[in-house]
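Heads up: the structure comes next, in structure tokens.
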């Protein structure tokens, strides 16, 4: 994007073969996998 602006993108997936629920309470997921997507931007002055 230029010398002053940089972006990072990360995609990760964790598969739990022996579980049907992941987490607890409000963080509970009814699946055997969890996917995370992260985007980070850095601007240099």
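Key figures for this structure:
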| read-out | value |
| --- | --- |
| Least to most buried among 3, 19, 38 (fewest other Cβ within 10 Å first) | 3, 38, 19 |
| Cα extents of the chain along the three principal axes, largest first (Å) | 47, 21, 9 |
| Residues 16, 43, sorted so that the one with the fewest Cβ neighbours within 10 Å comes first | 43, 16 |
| Theoretical gain in end-to-end length, residue 4 to residue 16 [0.36 nm per residue, Cα-Cα removed] | 0.3 nm |
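Bear in mind these aren't lab numbers, they're just calculated from the coordinates by the rules spelled out. Quantities reported herein were computed from a predicted structural model and do not represent experimental measurements. A quick note on method: Cβ atoms are made from the backbone with ideal geometry, for glycine too, and the neighbour counts reach across all protein chains shown.
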